[in-house]
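Below is one structure; the comments refer to it alone.
The values are calculated or read from the model by the stated rules, or taken from the named source; none is laboratory data. These figures come from a predicted structure and were not determined experimentally. Positions of Cβ are generated from backbone atoms using ideal geometry, with glycine treated the same way; all protein chains shown enter the neighbour counts. All accessible areas refer to the heavy atoms of the entire protein, side chains included, with ligands and DNA or RNA removed. Shrake-Rupley method; radii C 1.70, N 1.55, O 1.52, S 1.80 Å.
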Amino acid sequence: MPPILDGKYRLGERLAGGGMGVVYRARHLGLDKPCAVKLIQPRHRDDPAFFRRFHGEAEILGSLEHPHVVRVTDFGVDPHGGGVAYLVMELLEGQSLELACRGGPWTIARALPVLAAVAAALDHAHRQGVLHCDLKAENVFLRAGVGEAAGVRLLDFGLARLGEAEPGAEDAVREESGSPDQARLLGTPLYLAPELTRGLAPTAAADVYAFGVLTYRLLTGRFPFAGDPATLRRQHLSSPPPPPSSHGAPGELDTPLLAALAKDPARRPGSAGEVVATLAVAARRGWWRRHLPRRLGMASAASALAVIAAAAAGRLPPLAALEDSSLDLRLLLSPSTEPDARLLLLTLDDGDLGPAEAPLAERDGELASLLSAVLQAGASRVAVDHLLPFAWSESQPFVELVLRHPGRLALAVATTAEGDTVGEEVARGWIAGALGPEGVAGLFVHSHLDLDPDGSVRRGRRGYRDVSGGWRPTLGGWLADPEAALAGAASEGAFLLDLRADWRRLDAWSWRDARRRLERDPTQLRGRLVLAGGAFTGSGDQHRVPGPRGRPARASGLALQALTAHTLLAGLPLRPVAPGAGLALFAPLALAAAAAPLVLERLAPAAAVAGAALLYVALSTWLFARWGLVAPLVAPLAALLLGAAACWLLARRLPAPPTEEIRG
């Protein structure tokens, strides 16, 4: 072979050879650029038909542009040396797929991207009307340094029709046909489709069959059939290939891979890409069948920790404060309701304490007379939310008021920061002697309000234990149910006030108007529960209180005592969700949020976690609006998100599942 080919290419070392041609490293003399030159070796160099076919096939190959098809940049026939046909191609550095898979079978995860690249190139050629006719691992090249999938190049498209048949293959055709004139056999016996062994014209289905053989070889390390050409011909024609799983491949790959090796061309997948797609789906399903139980176990453990964390974290002060804010939001979005119609506020306001009025300490007779009139008009109970001065213990009108209405009148006491109880001084003297210790104890109720760390009032109590361990009912608790309040029969813990009830709608009378209203209609106090106390400027008895939209930010202690009574009379309409019910509500959503990063991909985990969180918020809101059940929000949501984040980090360290979307 001359060192200069066709006056343009200087040939160098031989890179590959055999069969239909020899490949040389070469350099384009005009461009000073490296390339590869393949010299075609026809059976008859003086055959004009060969050169016509070569010219037509080379033109097609030159126009076959695809990232995974080796580029043909030039072709021609050297007039010297008897006329040698040649193809000029891009120079590739690396190795063939045949060499790469001699180390043993590939995993499906490693094989799929390479197979997808080969399939993309093959299907592209078929769409252009070009058949390969000699697809095999030797004709798939893996470029070095660019990754196996990105560096895939498919070689020798359509050139099998220009070269010699493999030794022995033509004899196999003649054996079947009985005719030495039968069409020449194309391709390599190990990869030959059954129809080609019969001498039929090649079709795209034959390339799909060869692709199936190549895939079988890559995933199992073996060929479906082995033997001499005649034996291979018979096996391709009539023997079922062993399932890939019999050679160690995953069992889920049997069906899609054997479909590509169907004897009937019509029963094979319509394209090589379809083979890859069905393999990817099967591999993914099989992978999940093996790995899903373990991942769900991890998610279950993470969700269990999230449930425990939610229960424990809810007691932490910062989260408890945020939880109160979430309750405020639910109250803000709630419609306001009417307070219990039996409640009546008898208020000592600024008008009652004007400059012309006597000081409160000197008005014992006036106020005692008014409260007596209220009780005589049929009020069920009267609770006084004011610490009365010691001087009233010697006031005859006040003493008569207390002694005439035992069990229907309660007076307020308070506990100082030092733990002392103040307000009981008013019962000394005549009252203490007449009622005795037990009667005096039943006369007084506590005016204390529960203040949250932010200064708001959200909870009430039926009673308190004082520093001595004695039980003290609250004003609101006694007003709603004296027996339960005095006995401490209900839970001593705080309960949620029904702040949906609008305290501004409470029926309220001022001291100065009460007598006139009683004279006008005494029956309007029958069965009423009266809370008497101060609501004047500078009393210091104003408290922050959340509530429905439009509610002022502060309410008097008198109004809040009335809301305590209202809440008890209504049967505690706002109640925390029972721990068991809360667990049943939260645990499935925590499991879903933990499982999402472990079993979903791309944006789906984030959407699933957000969906679980929003669903928990929606269910909690619905429970509050429908039944007044208060489910904790902040701690569960924080635990849910932290559990999902932990599982997301864990998923990044676990083997990734094969994807169904394999692109060549």
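Give the relative contact order (percent, whole number) for the chain; include only Cα pairs under 8 Å separated by 6+ residues.
With pairs under 8 Å counted, the relative contact order is 13 percent.
If one takes the longest principal axis of the Cα atoms in the chain, at what angle in degrees, from 0 to 90 and to the nearest 10, does the Cα axis of helix 108-127 lie?
It is inclined by approximately 60 degrees.
Which net charge results when you count Lys and Arg as +1 and Asp and Glu as -1 among the other residues whose beta-carbon is under 15 Å from that of V577?
Residues close to V577 contribute a combined charge of +2.
Lys and Arg at +1, Asp and Glu at -1: add these up for the other residues within a Cβ distance under 13 Å of H247 and post the number.
Residues near H247 contribute +1 overall.
Compute the accessible area per residue over the chain, keeping the other protein chains in place, probe 1.4 Å, unit Å².
Result: 46 Å² of accessible area for each residue.
For the chain, what number of Lys pairs, 8 or more residues apart or on separate chains, have alpha-carbon atoms under 26 Å from each other?
For the chain, qualifying lysine pairs total 4.
Roughly how tilted is helix 634-653, in degrees to the nearest 10 and between 0 and 90, from the longest Cα axis of the chain?
Roughly 20 degrees, rounded to the nearest 10.
Charges at C-beta only: +1 for Lys and Arg, -1 for Asp and Glu. How large is the resulting dipole of the chain about its Cα centre, in Debye rounded to 20?
Value, rounded to 20: 1360 debye.
Determine the order of S300, S510 by accessible area, beginning with the largest, at a probe radius of 1.4 Å.
Ranked from most to least accessible, the order is S300, S510.
Can you tell me the Rg and Dmax of segment 99-147, counting just the alpha carbons, in angstroms?
12.2, 35
Within the set of other residues whose C-beta is less than 15 Å from the C-beta of W106, count the net charge using Lys and Arg as +1 and Asp and Glu as -1.
Charge balance in the 15 Å sphere: +2.
So, with a 1.4 angstrom probe, what is the percent of accessible area on the chain that is carbon and sulfur?
57 percent
Can you give me the angle between helix 579-599 and the longest principal axis of the chain, using Cα atoms only, in degrees from 0 to 90, rounded to the nearest 10?
Approximately 20 degrees, to the nearest 10.
Tell me, what is the Rg over Rh of segment 1-139, with Rh the Kirkwood radius over Cα pairs?
0.99
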